Amino acid sequence: MKSTKFSPATKLSKAEVDRKWWEIGDFFRRNSLWMLMYCTGCCAIELPPAMTSAYDMERLGMGPMATPRQADILLVSGYLSLKTLRRLIYTYEQMSEPRYVVALGSCPINGGIYHDSHAVINQLDQYIPVDVYVAGCMPNTESVMNGFVDLMGQIKNKKANGWKHYHEHFAWYKANQITSLGEVDVHDEFHE
Amino acid sequence: MTIVNVLLGVSVAFFGFVLQTSIAGVNRKVIARLQKRQGPRWYQEFLDIFKLLSKRSVSHGWIFDFGVIMALGGIIATAMFMPLTSTFSPFGASDNFFIFVYLLAVGMLGMAMSASGSGNPWASIGVMRALTTMLAYEVPFLVVVLTIIKLSGSSSLTAIQLFQQTSGNNWFLIALPIGGIVGFLALMGMLGKKPFETYIAPGEIASGPMVEYGGKQLGMLFIMHEITVFIEVSLFVHLFLGGASNIFEFLLKYFLVYTFANLISNVNGRFKIDQVVKFYYKWPLIMAVFQAVIAIYFGWVI
Amino acid sequence: MTNSMSNIEFVNTLVNKHVKPLVTDIIDQFQVGYVVDQNEIHLLLSALKNEGWIQMSYLSAVDWPEENKFEVVYVIFNWDKPVYIQLRTKIDRTNPSMDSIIQIYPGAKYYERECHEFFGIAFPGNPDYEKQLILEQWDDIPPLRKDFDPQAYSDRKFPQRTYTEDYSVTNNEPSKAEKRKLRKQRAESLKGGKKQ
Amino acid sequence: MKQMKLFLGPQHPGMHGNASVHLFVDGDIIKRSYLLPGMLHRGFEKAMERKLWVNNISLIPRVCVPEPDINEMAYAQGVEKLLKLEVPERAHWIRMIMLELARISAHLMSYGGLGGPTGHYTLMYHAHADRNSILDIFEKISGARVYHQYIVIGGVRQDLPKGIEKDINAFLDDLESRYIEYRDLGIENPSVVARIKDTIMLPEEVVWELGVTGIGMRSAVGKPYDLRKVMPYARYDQVEFEVPTSTYSDARSRVDIKLKELVQSISIIRQCLKKMPEGPVRVKPSRGQSMRWTVPKGYVYSPVESSRGEFGYYMVSDGGTNPYRIGVRGASYPQGLLGIEKYMPGTRIDDCALWVDTMGICSPEIDR
């Protein structure tokens, strides 16, 4: 009688092989998450304790990275003014896939304390897909760390598919960006 | 040169990669303790590299991609010549010191070419700084190594190891103490450790040459970096620490040298690029020349 | 620094020597405010600067739409005689313009630029005041004017999150009195540490 | 030679906070530079006009993120001046403890921030580890790690918890015992000194031209121009402390003064804990329900000495329940905008991140 546990599958289809490779990749990806050092808002002040000795993010395999190309996670730490949003979209599109977005604080969820401000957007997932939200103003370091652990769980369960969603609904995201921003491109020549 | 030699060489390169990646992971834990942290798992470096290889990546033209492959290929070719002990060398007696100097440059130039191909200004600044630093540390290092070659009468690494291991001769670190210090300073520069880590410098030029790399290219550069470190530390072990008569001695010496360099690196800040050049052309060069003169003309060797 | 009230008197005589302030407003021993005419600001500022009020702390404006005026505010400070002087002047709101003070206080350059951005006051004499500084691609009236409504702007431009009804329906929940009863019951059950 | 344009930020590891410095470089030398602020603009001054006097207490700590307590102090003090309100004696002392703890935390963060541009990460890790224990003390006192909302109009929100003196003293002793170690790790370390000595100068005439305050000014002028000494608020006139100064302002001397101020802050907290009287900690500023509090008409400018310099609120009240206008004077406004435009050119690319760090530039208070 043949053992079902150890016998190799007779003939795997291409999709199945791809899926297996993807699962192997997911193992590496969730154990080595590099986040981009981009402090978009005030929740970034809780990141130094998370990165340094008190909570030591590196034991989960996480670390800060210098440029968007090298990074896996885009951390939206807090409120986003229009000016930052332009640069954030620019940064997000530079990152190499698979890429994940973690939004800290209440402000990316519904505007938080700045819900009536003329400069701060109210809802981040209208512009770029968000995988994990960490609520609170500001969230404790423990909850920030918990958010990252949640992201690891999502990657394991194949639920962190924001970047695929961005591909599929690119037109919708772009339309939203244009309604709020007018022009998405960054113009930095204003001083001349 | 037979196919066996080539296979041996490739396995040395692979061994070097595995060795250096594990030791780098262990070192991350050591450094974490220095910084009051727990530190990552010891195999974290492997996870990082395989993660990078599993990501999709963006190309910036064929020079960008070709340069990475050239860098990795050049470095693997260099590592193929590296003897591990005084009795084991993949290509026998052709482990000449100058082969390493020459072939290491191929890898470096491949990386420089690729980084300039990305078109990012930070990358060009980083490449410029990397090449300047290379010019700075090579000169004193070569002077010391030429002294060693003169004393031992051969430029083959195996021969230099055997020369140090014969009874009556000391390790060159002890025989030429000033030269040993210069050699270690140059090693710090080669490894890109901290007072001389000017070309990565995340706080200044956003990780320099690596600024545009992501995904697979960055993974390949990481592999290249690990093998480069393996070559450089092994060179130091063979030239100054008397090589190794068996593989365990090699591993021990390798680990100690790398950890020592890392510990020094982590309690220092980094110099500016002009300070690095001035530093290397001042004290290490004077010390190296002084050591060469007293060792060769006066024969004062401990 | 010791006899602070005399510092205020010193300032008072100094200011009165140069101009006739419309209002004098002594806030406490370290602070005094004057309302002067628009044309006398430069004269007074340069006189005070010569007397040691060399630090310009703050420059901004206040909008008074009922009077159809902007009130431009200058706050200067002297470190040896610690008195903050507020100089205020009201200017016309329909076509606001105030001569720049960067000849006297070079540090005012960016304050004036920001003031122009948020209130629309022109500062002739300042070379860059018309360039945008903090806002980017702004498409409404200057935001710190009283007639600008940020809530309306936000509603118009940024999509709001719409919550599903689960979060807000309270019909099926127990009433307050019932809740209080439940709470009391629970508190009773926890008393004494014994299970009932 | 053609000038190359570089962006230091907003996404750049050397940049503190979300701001961007535009550099035009020729080789390694910066020829022109500008700060691009506004990435953190939230419309604070407008938002404060739309909220009640009492609501604003929850809003103001968010103006300056690394050191929120000075905002609460400046706001509370300004409103108390308008109300002509006398704060209970104990509240003054508790406020001073909070402010000095916040100053230590900000100085430690900034000193650890020196580790970023110079690549000395061990320094950064050690400084942040100590800062985290201050945050834990804050959590015990006020219930929040970063935004405390503890200093309110008319005093402080509640009394200090029992036994907090022990925690504070233990922390201060620990920090003091490692002060020498900190100096050795950072500004006495030859490789760091090579970076920060005789560079990024701030001469006295530049200080007066820009209007720089705080450590930048004191390190250049050599006189104790500290608002805590010059016009003492709270009970700073009843504690003994020195204001460290120097007359040669390079990056190293500014960091040096920062560390010396840290020692002074430790001594101030110890004195406060000793001299603090018992009693109530809060009075009601106005009669009736807190949502209907009104503040009499008036204009007031309320300055506080922050870790970066003079931080002030300009407040206008028209006698209503809402503030009529509140303006914020960020301490790093002069050096951040005009300083970068005028005095950063001539330094090197390597110095740029250090410039931003040692001048004490905090982008949220520039943008508001």
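The orientation-averaged shadow of the Cα convex hull for chain B, equal to a quarter of the hull surface, comes to 15.6 nm². Amide H to amide H, with H built 1.01 Å from N, C:Gln31 comes under 5 Å of C:Tyr84, counting only residues 5 or more places away or on other chains. Straight Cα distances below 18 angstrom link A:Lys174 to the aspartates and glutamates A:Glu93, A:Asp125, A:Glu183, A:Asp185, with same-chain residues fewer than 8 positions distant left out. Rounded to two decimals, the Cα-based Rg/Rh of chain D, with Kirkwood Rh, is 0.97. Counting only lysines at least 8 places from C:Lys109 when in the same chain, those with an alpha carbon closer than 17 Å to its own are C:Lys49, C:Lys131, D:Lys342.
Work out the FRET efficiency for C:Asn50 and D:Lys2 from their Cβ-Cβ distance, taking R0 = 51 Å, and round it to the nearest 0.05. Provide the component values of the computation, followed by the final result.
Numbers: r = 45 Å, r/R0 = 0.89.
Step by step, r from the Cβ atoms, then E = 0.65.
Treating r as the C-beta distance of C:Leu43 and D:Lys223 and R0 as 45 Å, the FRET efficiency rounds to 0.95. Rounded, prolate or oblate: which fits segment A:21-93, taking a ≥ b ≥ c as square roots of the Cα gyration tensor eigenvalues, rounded meaning a/c under 1.5, else prolate when a/b beats b/c? Oblate is the answer for segment A:21-93, as a/c is 1.5 or above yet b/c matches or exceeds a/b. Counting other Cβ atoms within 10 Å, which trypsin sites (Lys or Arg not before Pro) in segment D:245-313 have at most 12 and lie in a DSSP loop? When the trypsin sites (Lys or Arg not before Pro) of segment D:245-313 are filtered for loop state and at most 12 Cβ neighbours within 10 Å, D:Arg287, D:Lys297 remain.
So which trypsin sites (Lys or Arg not before Pro) in segment A:109-192 are both in a DSSP loop and have at most 16 other Cβ atoms within 10 Å of their Cβ?
Details: sites: A:Lys156, A:Lys158, A:Lys159, A:Lys164, A:Lys174; in loops: A:Lys158, A:Lys159.
Taking segment A:109-192 and a limit of 16 other Cβ atoms within 10 Å, the loop trypsin sites (Lys or Arg not before Pro) found are A:Lys158, A:Lys159.
For segment A:162-167, the Karplus equation 6.51 cos²θ - 1.76 cosθ + 1.60, evaluated at θ = phi - 60°, returns couplings of x, 5, 5, 4, 5, 5 Hz by residue, with Gly and Pro reported as x. Legend: translational diffusion of segment A:61-138 by Stokes-Einstein, Rh = Kirkwood radius over C-alpha pairs, 37 °C, 0.692 mPa s; D = 257 µm²/s. Sorting C:104-110, A:71-77 by their mean Cβ neighbour count within 10 Å, with the most densely packed peptide first, gives A:71-77, C:104-110.
Could you give the length gained on full extension between C:Ser6 and C:Lys191, defined as 0.36 nm per residue of separation minus the Cα-Cα distance, in nm?
The span from C:Ser6 to C:Lys191 would gain 59.9 nm if fully extended.
Per the Kirkwood treatment, what hydrodynamic radius in Å, one decimal, follows for segment D:6-98 from the mean inverse distance over all distinct Cα pairs?
Evaluated over segment D:6-98, this radius sits at 16.4 Å.
Extents of the protein assembly as shown, taken as max minus min of Cα coordinates on every principal axis and listed largest first, are 99, 82, 64 Å. Farthest towards the positive end of the charge dipole of chain D, among the residues D:Thr199, D:Tyr313, D:Ala353, is the Cα of D:Tyr313, using unit charges on the Cβ of Lys, Arg, Asp and Glu.
Report the extension gain between B:Tyr102 and B:Ile247 in nm, rounded to one decimal, defined as 0.36 nm multiplied by the number of residues separating them, less their alpha carbon distance. Don't skip to the answer; put the middle values down first.
Details: separation 145, 0.36 × 145 = 52.20 nm, distance 2.61 nm.
That works out to 49.6 nm of additional length.
Per-residue ellipticity at 222 nm, computed for chain A from helices alone with -39500 (n - 2.57) per DSSP H run of at least four residues, works out to -11500 deg cm²/dmol.
Please give me, ordered by residue number, the GluC sites (Glu not before Pro) of segment D:222-283 that lie in loop per DSSP and have at most 16 other Cβ atoms within 10 Å. All intermediate terms of the calculation are to be shown ahead of the outcome.
Details: sites: D:Glu240, D:Glu242, D:Glu261, D:Glu278; in loops: D:Glu240, D:Glu242, D:Glu278.
Passing sites in segment D:222-283 are D:Glu240, D:Glu242, D:Glu278.
Using Cβ point charges alone (K and R +1, D and E -1), the dipole size of segment B:19-93 about the Cα centre works out to roughly 580 debye.
Estimated from the Cβ-Cβ distance and a Förster radius of 41 angstrom, the FRET efficiency linking C:Gln29 and C:Lys181 is about 0.10. Normalising by residue count, segment B:19-162 has a Cα convex hull of 164 Å³ per residue. For the pair B:Tyr43 and C:His18, label points projected 7 Å from Cα toward Cβ lie 7.6 nm apart.
Between B:Arg33 and D:Glu240, the modelled label-to-label distance comes to 4.5 nm, taking each label 7 Å out from Cα in the direction of the beta carbon.
Shown here is the pair-distance distribution of segment D:253-321: with all Cα-Cα distances grouped in 5 Å bins from zero up to the longest one, the shares run 4, 11, 10, 14, 15, 15, 13, 11, 6, 2, 0 percent. In order along segment D:155-171, the phi-based Karplus estimate (6.51 cos²θ - 1.76 cosθ + 1.60, θ = phi - 60°) of 3J(HN,Hα) comes to x, 10, 5, 8, 6, 5, x, 5, x, 6, 4, 5, 4, 5, 5, 4, 5 Hz; Gly and Pro are listed as x. Classify segment A:25-180 as rounded, prolate or oblate from the Cα gyration tensor: take a ≥ b ≥ c as the square roots of its eigenvalues, call it rounded if a/c is under 1.5, otherwise prolate when a/b beats b/c and oblate if not. Since a/c reaches 1.5 but b/c is at least a/b, the shape of segment A:25-180 is classed as oblate. For a paramagnetic label modelled on D:Val263 (point 7 Å from Cα along Cα→Cβ), amide N atoms under 18 Å away belong, within segment D:180-201, to D:180-189.
Magnitude of the Cβ-charge dipole of chain C, K/R +1 and D/E -1, about the Cα centre, nearest 20 debye? Before the final figure, lay out the partial values.
On the way: 26 positive and 29 negative charges, 367 e Å.
For this selection, approximately 1760 debye.
Computed over Cα pairs, the Kirkwood radius of chain C leads via Stokes-Einstein (0.692 mPa s, 37 °C) to a diffusion coefficient of 156 µm² per second. Comparing Cα centroids, segment A:102-154 and segment D:335-357 end up 33 angstrom apart. Both radii were evaluated on the Cα set of segment B:90-239; the Rg over Rh quotient, with Rh as the Kirkwood radius, amounts to 1.03.
First check a/c for segment C:27-93, with a ≥ b ≥ c the square roots of the eigenvalues of its C-alpha gyration tensor; if it is under 1.5, answer rounded, and if not, answer prolate when a/b is larger than b/c or oblate otherwise.
Prolate.
For D:Ser20, the residues whose modelled amide H falls within less than 5 Å of its own, excluding neighbours fewer than 5 places apart on the same chain, are D:Leu36.
Coupling constants for segment B:56-66 follow from the phi torsions by the Karplus curve (6.51 cos²θ - 1.76 cosθ + 1.60, θ = phi - 60°), and in residue order they are 7, 9, 10, 9, 10, x, 6, 4, 4, 6, 5 Hz; glycine and proline get x. With the alpha-carbon atoms of segment D:202-286 aligned to their principal axes, the span from lowest to highest coordinate is 47, 31, 16 Å, starting with the largest. Once you keep just the Cα pairs under 8 angstrom separated by 6 or more residues, what percentage relative contact order results for segment C:44-94? It rounds to 32 percent for segment C:44-94. Put a dot 7 Å past the Cα of B:Phe66, heading toward its Cβ, do the same for B:Phe14, and the two dots end up 2.9 nm apart.
D for segment D:113-251, whole µm²/s, Stokes-Einstein with Kirkwood Rh over alpha-carbon pairs at 37 °C and 0.692 mPa s: what number?
On the way: Rh = 18.1 Å.
After rounding, the answer is 181 µm²/s.
Every read-out reported here was derived from the displayed coordinates using simple, explicitly stated rules and does not represent laboratory data. Since the model is a prediction, treat every value here as computed from it, not as a measurement. Neighbour counts are summed over all protein chains in view; Cβ atoms, including those assigned to glycine, are modelled from backbone coordinates with ideal geometry.
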